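Encoded as structure tokens, here's the structure I'll be asking about.
The values are calculated or read from the model by the stated rules, or taken from the named source; none is laboratory data. Bear in mind the structure is a predicted one, so any value in this text is a computation, not a measurement. Positions of Cβ are backbone-derived with ideal geometry, glycine not excepted, and every protein chain shown enters the neighbour counts.
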Amino acid sequence: MKERELVVSKIREGTVIDHIPAGKAILVLKILGIDERTKETVSMALNVPSKKMGTKDIVKVEGLFIKEEELNKIALIAPNATINLIRDYEIEKKFKVKLPEVVKGILKCPNRMCISNSKEPVVSIFYIKVEDNKVFAKCHYCGKRIKELADYLI
């Protein structure tokens with residue numbers, strides 16, 4: 001029996017985000033601010049077979065070139081993601097995301113008593129660290145640690 005092959009069409013111009021952990025592509029779109037109102041053509045493949053990862057997700061955004069700094073936020077949930085910037089169906093630039101040291105206004109502190117959850121005009125700030133190959137965040141204000149960052153994305 002011949003092995004089935006997944007065919008995902010190429011994009012002419014735009015951004016491809018590969019090596020996203022399976023089931024996290026929707027969160028990647030949320031981080032990028034892409035929702036049902038977007039004007040761009042967006043392709044999302046979930047649970048794609050991968051030799052490296054077992055299964056992975058892929059996101060393609062036609063006609064949108066996302067800056068490297070913006071994409072580094074994706075590292076919070078996909079620290080091994082690869083970004084491909086495409087022009088004329090060819091990869092113009094390829095890079096891995098870099099885990100930011102600090103994020104502001106991206107995560108919500110789970111501590112209800114934290115000043116970042118009060119009615120004060122305070123933006124959440126978290127310090128990002130890696131321990132045992134797992135990404136976690138620590139609140140600047142109350143010190144609360146978060147392990148499942150995807151659960152606290154704003």
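Pick from the range 76-99 the residues that are part of a strand (DSSP E or B) and of a type in the set (D, E, K, R): which of them is farthest from L153 (Cα to Cα)?
E90
Next question. Run down K52, K39, K56, K73 and say which single residue is assigned to a strand (DSSP E or B) and among the basic types (K, R).
Going through K52, K39, K56, K73 in turn, just one is assigned to a strand (DSSP E or B) and among the basic types (K, R): K56.
Next up: Name the pairs whose Cβ atoms lie under 6 Å apart, with the first residue in the range 125-152 and hydrophobic (A, V, I, L, M, F, W, C), the second surrounded by fewer than 16 Cβ atoms within 10 Å (Cβ to Cβ) and assigned to a strand (DSSP E or B), and 6 or more positions between them or separate chains?
Taking only residues 6 or more apart or on different chains, the pairs are I125/K104; F136/K129; F136/R145.
Yes/no per residue for (1) at pLDDT 90 or above; (2) assigned to a helix (DSSP H, G or I):
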residue	(1), (2)
S9	no, no
L29	no, yes
D35	no, no
L46	yes, no
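Out of the residues in the range 53-83 that are at pLDDT below 85, under 13 Å from the mean Cα position of the chain (by Cα) and within 16 Å of V42 (Cβ to Cβ), state the one that is surrounded by the fewest Cβ atoms within 10 Å (Cβ to Cβ).
Ranking the qualifying residues of the range 53-83, first place goes to E70.
On to the next question. Going by the structure shown, is I115 among the β-branched types (V, I, T), in the same structural domain as K147 (by TED's automatic domain parsing) and at pLDDT 90 or above?
yes
Considering each of I128, I115 in turn, give the residue that is hydrophobic (A, V, I, L, M, F, W, C), more than 28 Å from V61 (Cα to Cα) and over 13 Å from the mean Cα position of the chain (by Cα).
I115
Just to verify a result, which residue in the range 133-145, among those that are surrounded by 12 or more Cβ atoms within 10 Å (Cβ to Cβ) and modelled with pLDDT of 95 or more, is nearest to the chain's Cα centre (by Cα)?
Among them, the one singled out is A137.
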